[in-house]
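See below for the structure under consideration.
Each value in this text was obtained by applying a stated rule to the coordinates, not by laboratory testing. Everything quoted here is computed from the prediction, not taken from an experiment. Here the Cβ positions follow ideal geometry from the backbone for every residue, glycine too, while neighbour counts run over all protein chains shown.
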Amino acid sequence: MKLDHAALIVSNMAVSLNFYEKFLDLKIKREFELSEKEARALFNIASPARAIQLTMDKGMIELFDFKKGIAQTDGLSAPPSNGLFHLAFQISEPVEEFINRARREDIPVFSITRGTHEIYFIRDPDGVLIEVKE
């Protein structure tokens, strides 16, 4: 089994696209629009959406920008704000170089020490934690 993709709801597509495409070097695979009718049928969200799929070596990230926000129809539950803890990316450059580049771009960096190993995280524009490892 392997993960095909993770989907994120973003608050500003341009800002998020700049982060994922420019900083993380993901490549746009496809862009599409969902009508309000399609968004209601698929996600129970009463808003049209713009979506962009971004690829990496293995897997994909989908960014969704719901033009009217994520208000629900039919009284069903909203997308869980506590459903995603973090994403983890295996990067091709040394972690120290990546983290220094993030700091130069004013991207929030966090780390924890586990034994003798340092684990690094950054945050995307909407605050999603991203673990980075070699």
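Per-residue extension of 0.36 nm, minus the Cα-Cα distance of Leu8 and Arg103, leaves a gain of 31.9 nm for this segment. Specify whether the C-alpha gyration tensor of region 1-67 places it in the rounded, prolate or oblate class, a ≥ b ≥ c being the square roots of the eigenvalues: rounded for a/c under 1.5, otherwise prolate if a/b is larger than b/c and oblate if not. Since a/c reaches 1.5 but b/c is at least a/b, the shape of region 1-67 is classed as oblate.
Using θ = phi - 60° in the Karplus curve 6.51 cos²θ - 1.76 cosθ + 1.60, the 3J(HN,Hα) couplings for region 108-118 round to x, 10, 10, 8, 10, 9, 10, x, 9, 9, 9 Hz; x is entered for Gly and Pro. Taking the Cα centre of the chain as origin and assigning +1 to Lys and Arg Cβ atoms and -1 to Asp and Glu Cβ atoms, the resulting dipole is close to 220 debye. With 26 Å as the limit, write out which pairs from Lys2/Lys37; Lys58/Lys133; Lys37/Lys58; Lys2/Lys68 have Cα-Cα distances beyond it, or answer none. Too far apart for the 26 Å limit: Lys2/Lys37; Lys37/Lys58; Lys2/Lys68.
For the chain, the convex hull spanned by the alpha carbon atoms encloses 130 Å³ per residue. If one takes the longest principal axis of the Cα atoms in the chain, at what angle in degrees, from 0 to 90 and to the nearest 10, does the Cα axis of helix 95-104 lie? Taking Cα atoms only, the helix is inclined about 70 degrees.
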